[in-house]
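Shown next, in structure tokens, is the structure this report addresses.
The values are calculated or read from the model by the stated rules, or taken from the named source; none is laboratory data. Note that this is a predicted model, so its numbers are computed, not measured. Positions of Cβ are backbone-derived with ideal geometry, glycine not excepted, and every protein chain shown enters the neighbour counts. Keep in mind that these areas ignore ligands, DNA and RNA; they rest on the heavy atoms of the full protein, side chains included. Shrake-Rupley method; radii C 1.70, N 1.55, O 1.52, S 1.80 Å.
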Amino acid sequence: MDNIKIWMDGKIVNWDEANVHIMTHTLHYGLGVFEGIRCYKTDNGSAIFRLKEHIERLFNSAHIVGMKIPYSKEAITDAIKTSIKTNGLEACYIRPIVFLGHDKFGLNCKGISVHCAVAVWQWGAYLGEESLVKGIRVKVSSFTRHHINISMTKAKVCGNYVNSILAKVEAVDNGYEEAILLDVNGNVAEGSGENIFIVRGGAIKTPPITSVLEGITRDSVIKIAADYGIEVKEELFSRDELYIADEAFFSGTAAEITPIREVDNRIIGKGSIGETTKKLQDTFFDIVKGKNNKYKEWLTYI
Ligand code: PPE
């Protein structure tokens, strides 16, 4: 990765120069916001998936935690396109981050400088090459998902991810590929970095946007399912309903649409990618690769 050039506060710099000071506020307290976006290779060149929505969420995240991004949405959009072009990448993952500087210290961060960077790199299948085809084994975490008045769950805040990391590492240490976190009431919330869906009796359910991130892939799945005449119910469900689901899958920018084949050592459905999951996943990949005209407005070509 060390040959990547990074956009930092308006300038493209070499990997070695993309540094911050040890007293960087965000490093100490976790108050920063970020995005995760993917750019795909299509027959008509590289295209960024739902860029506008990701930029919107970045600014919403900053607004929620009271940070003022010192660039316009257009400037960040241009920074992303420039980063991809400068690095000559056809397909990549895009990570814009907004963080606080080192010009002031302590919890009263009012008046501190706000900085922004964009990194891009090649990132293959998030949960392993076979995950998209075969599905993954997951574990319900011993760590609870955010309470809605403790962490601001509609904001993609750096510090929120400590909760995700605890769950992820616990799952991996126990031989699973991903964690599922329950909310404070014990209902299924989401994965460490993905939203979750179940299919049961032909109907699809996903937890409502309370303690979980307002996923852009989640929204795409809901729209794609509607095209197939399948309603997605945004409804709470418990872990035992997940155990008896016919199918389950994760959605996320990094994870794309990843089938879940096992939860807590219980086989889900046939133990392989389900029919509905496959249909949604195929359509999703057609869309991101520019092969579906209905959703062509979801792609920003560069
Ligand atoms: N929930 C969480 C907690 C989450 O972090 C993500 C994205 C999602 C749901 C799905 O949201 P969306 O990408 O808009 O569909 N997680 C990002 C970070 C992953 C990482 O390891 O870093 C991502 O997928 O880019």
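For this structure, a couple of remarks:
- Segment 1-96: trypsin sites (Lys or Arg not before Pro) falling in loop per DSSP and having at most 16 other Cβ within 10 Å: Lys68
- Mean projected area of the Cα convex hull of segment 24-131, taken over all directions, amounts to 8.1 nm².
- Backbone amide hydrogens, once placed in the peptide plane, bring Tyr301 within less than 5 Å of Ile48, excluding anything fewer than 5 places away on its chain.
- When the chain is described by a simple charge dipole with +1 on each Lys and Arg Cβ and -1 on each Asp and Glu Cβ, the residue from Gly193, Ile257, Ile37 located farthest towards its positive end is Ile37.
- Portion, in percent, of the accessible area of the chain that falls on carbon or sulfur, probe 1.4 Å: 51
- For Cys116, the residues whose amide H sits under 5 Å from its own are Asp9, Phe99, ignoring neighbours fewer than 5 places away on the same chain, with H placed 1.01 Å from N.
- Exceeding the 32 Å Cα-Cα cut-off - candidates Lys68/Lys279; Lys5/Lys104; Lys233/Lys289; Lys154/Lys279; Lys73/Lys104: Lys68/Lys279
- In Hz, Karplus ³J(HN,Hα) per residue of segment 133-139 (6.51, -1.76, 1.60; θ = phi - 60°; x = Gly, Pro): 8, 8, x, 10, 9, 10, 10
- For segment 40-56, the residues whose amide N sits under 20 Å from a probe point set 7 Å from the Cα of Ala125 along the beta carbon direction are 40-42.
- Applying the Karplus relation 6.51 cos²θ - 1.76 cosθ + 1.60 with θ = phi - 60° to segment 289-301 yields 3J(HN,Hα) values of 9, x, 9, 9, 5, 4, 10, 5, 6, 6, 10, 10, 7 Hz, where x marks Gly and Pro.
- Percent of alpha-carbon pairs separated by more than 30 Å within the chain: 33
- When Tyr176, Tyr301 are compared by accessible area of protein heavy atoms, the largest-first order is Tyr301, Tyr176, using a 1.4 Å probe.
- Residue-by-residue Karplus 3J(HN,Hα) for segment 231-244, coefficients 6.51, -1.76, 1.60, Hz, glycine and proline x: 7, 9, 8, 8, 9, 6, 9, 9, 5, 6, 5, 5, 4, 9
- The value of relative contact order for the chain, using C-alpha pairs under 8 Å at least six residues apart, is 20 percent.
- Loop-exposed GluC sites (Glu not before Pro) per DSSP, neighbour cap 14 Cβ within 10 angstrom, longest uninterrupted part of the chain: 131-230
- Accessible surface for segment 1-131, divided over its residues, is 51 Å² per residue with a 1.4 Å probe.
- Label-zone membership for segment 82-108, site Asn19, 7 angstrom Cα→C-beta point, backbone N under 20 Å: 99-104
- Percentage relative contact order, segment 191-299, counting C-alpha pairs under 8 Å, at least six apart: 25
- Helix 161-173 axis, angle to the chain major axis (alpha carbon atoms, nearest 10°): 50
- Charge context of Lys279, other residues only, Cβ under 12 angstrom, K/R +1, D/E -1: -4
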